[in-house]
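Each remark here refers to the structure printed beneath this line.
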Amino acid sequence: MRRNRVVSAFLVFTFILPGLAAGQTVYTAPKNTIDKIRDEGMNHSQVMQTLSYMTDVIGPRLTGSPNMKRANEWTRDTMTKWGLQNAHLESWGPFGRGWAVKKFSAAVVDPQFISVIAYPKAWSPSTKGVVTSEVVYLDAKTPEDAMKYKGQLRGKIILSSPERPLKPVDKAYLSRLGDEDLAKLAAEPQPSGDGETIPADALKNFAKMLNDRGKILKFLIDEGAAVVINNSNQGSGGTIFVDGAAVGVEIPEIKTIDDLFESPAFQPQNKKYEANMLPQVTMATEDYNRLVRMIKFGTKPTMSVEIEAQYYDADPNGYNTVAEIPGTDPKLKDEVVMLGAHLDSWHSGTGATDNGAGSAAVMEAARIIQASGLKPRRTIRVALWSGEEQGLYGSTNYVKQHFGEKKDGRLVKGPDYDKLSAYYNLDNGTGKIRGVYMQGNPNVRPFFESWLVSFSDLGAKTLTLANTGGTDHLGFDAIGLPGFQFIQDPVEYGSRTHHSNQDNFDRIQADDMKQSATIIAAFVYQTAMMDEKLPGKTHLP
């Protein structure tokens with residue numbers, strides 16, 4: 001997640017730039033309008049209150065869970081209160097069952113009591129009450145290795161992954177993009193890929209790893225193991241990274257990313273796989289490693305584990321929250337400028353940096369425009385996506401329903417394809433905006449250069465042709481529509497908070513959030529005011 005480019009720009013209101021098609025102009029809002037946006041966003045911000053309620057009161061927002069439903073409804077009602085119109089929940093299709101933890105405990109109880117840091121994996125089934133049993137270390141790299149434990153695992157609590165060596169932390173968790181980082185991004189050439197391509201060999205190796213994992217889990221199910229515990233794959237000092245439960249089935253051949261996300265390995269929410277899962281827990285590395293070392297010394301530790309989880313099957317659909325500021329120009333009001341972020345999160349933290357921050361910022365951007373009394377010519381539409389963490393489901397299905405898709409390499413336009421001017425996304429944590437990934441679209445450079453000049457004093461001045469992947473602008477970009485992700489300072493996103501139990505409100509940087517929301521508001525408003533739509537890669541000037 002992330003990259004950049006330093007640009008020189010010059011202050012103008014409306015002007016012609018070299019590189020534009022003949023007769024094209026770049027609209028730049030008058031200074032007093034930008035001043036209004038800056039004043040509302042920087043001096044009267046509500047972004048932190050919005051984010052605090054979303055994370056502290058509602059909490060984690062796993063797709064399909066009761067908390068996700070609460071978040072959908074609360075964001076809809078909040079934007080309605082701010083004066084946005086047509087606020088509603090929009091189904092993007094079947095997702096699967098919801099899930100939530102009602103009760104959880106885990107501790108070593110013999111040969112001594114040892115408190116451990118651990119969380120159930122999402123969609124893990126419940127244990128049958130409190131399971132108190134011997135802990136067995138499954139020292140198996142392949143399904144064939146696991147066979148040596150045949151007949152020894154019934155009722156046992158299994159450590160299923162290896163020790164993970166930890167080294168002292170030798171650099172700060174917090175990082176920001178320096179001039180050299182931004183210059184490297186700025187210098188990146190026109191990309192040849194689409195931002196979401198995985199080399200065939202890497203995809204093949206990853207598929208084999210998933211297949212081996214599925215076979216080993218199936219073996220544990222057949223052997224009657226009671227609970228499976230894995231080592232957190234990142235983090236130290238009590239930081240733990242938790243995602244979805246594994247499914248104990250072989251997976252079909254994987255050739256594309258879509259195949260990957262549709263495989264059983266990424267479908268624990270599918271009710272038909274319930275019998276193919278065991279209760280599953282992720283444990284902090286220091287605690288996990290200690291247990292492995294104890295077992296290697298010949299000790300037979302005993303743990304007590306209880307998972308009380310609940311599935312929700314009443315409504316299998318996923319929902320996005322959508323709201324609008326209607327356009328005012330009779331000729332342009334049916335055209336749309338979109339801004340969005342994913343509202344869903346994982347469950348061990350409260351989803352503050354991933355991606356409550358982005359959701360609160362785009363909501364705030366819309367509030368800024370509304371509160372400033374601005375009247376955009378085009379309709380501005382906010383979308384808060386769900387299902388992002390499981391495969392970008394909310395945004396990609398929305399794009400298919402409204403704008404179109406590629407079938408057999410051919411673009412099939414949807415009813416609103418020619419109405420979208422641009423989509424702007426925020427999903428890289430709490431860090432302030434430093435510029436924009438142009439997704440290989442050089443035609444937007446004159447517009448973005450013009451718009452960033454008003455915010456160079458806030459550190460936003462970089463444009464890069466580079467693609468960036470893994471988030472909700474990709475569905476737009478894939479069918480030739482202008483879809484962009486903002487460049488952000490990493491802060492602690494990759495080092496501490498991304499998918500971890502530390503992803504909480506206290507890790508949020510208030511000044512960065514205000515800056516981001518303000519810049520998004522300015523970009524969206526100016527896009528909505530242009531005479532023409534923003535140029536895309538499939539209709540270049």
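Bear in mind these aren't lab numbers, they're just calculated from the coordinates by the rules spelled out. Quick caveat, the model's predicted, so the values are computed rather than measured. Glycine gets a Cβ as well: all are built from the backbone with ideal geometry, and neighbour counts include every protein chain shown.
Data table
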item	result
Förster-model FRET efficiency, 25 Å R0, T302 and S236, C-beta, rounded to 0.05	0.45
Neighbour net charge for G41 - beta-carbon separation under 15 angstrom, K R +1, D E -1	-2
For segment 85-96, Karplus couplings with θ = phi - 60° (6.51, -1.76, 1.60), whole Hz, Gly/Pro x	10, 6, 6, 7, 9, 10, 6, 9, x, x, 10, x
Under-5 Å amide H pairs with S263, H placed in peptide plane, nonlocal only	none
Nearest-20 debye value, segment 170-254 charge dipole, Cβ charges on Lys, Arg, Asp, Glu	260
Order by protection proxy (mean Cβ within 10 Å, highest first), peptides 360-368, 264-272	360-368, 264-272
Peptide ranges 310-316, 464-470 listed from the most packed, as the mean C-beta count within 10 angstrom indicates	464-470, 310-316
Dipole magnitude (debye, nearest 20) for the chain, charges at Cβ of Lys, Arg, Asp, Glu	180
Full-extension gain in nm, I257 to I114, via 0.36 nm per residue minus C-alpha separation	47.4 nm
Positive-end residue, the chain charge dipole about Cα centroid, Cβ charges, pick of S175, Q269, A361	Q269
Relative contact order for segment 383-496, counting Cα pairs under 8 Å that sit 6 or more residues apart, in percent	33
Semi-axis lengths, Å, segment 22-130, gyration tensor of Cα atoms, sqrt of 5 times eigenvalues	45, 20, 15
For A87, residues with placed amide H under 5 Å, excluding near neighbours	E324
Equivalent ellipsoid dimensions for segment 387-463 as semi-axes, Å, which come from the Cα gyration tensor, largest first	29, 17, 10
Cα-only Debye scattering, the chain: base-10 log of I(q)/I(0) at q = 0.06, 0.07, 0.10 Å⁻¹	-0.31, -0.42, -0.82
Segments 176-188, 274-286 sorted - mean Cβ within 10 Å per residue, highest first	274-286, 176-188
Axial C-alpha extent at least 30 Å, average Kyte-Doolittle at least -1.0 - helices from the chain (DSSP)	200-223
Nearest-20 debye value, segment 74-220 charge dipole, Cβ charges on Lys, Arg, Asp, Glu	940
Gain upon complete extension [D457, E250; 0.36 nm per residue less C-alpha separation]	69.1 nm
Two-site label geometry, D506 and S192: point separation in nm, points 7 Å out along Cα→Cβ	4.8
Descending principal axes extents, segment 357-402, alpha-carbon based, whole Å	37, 25, 7
Rough spin-label spacing in nm, given labels placed 7 Å along Cα→Cβ, for T25 and K167	5.7
Alpha carbon convex hull of segment 306-416, projected area averaged over orientations, nm²	10.3
Cβ-based net charge around T80, under 15 Å, with every Lys or Arg adding one and every Asp or Glu removing one	0
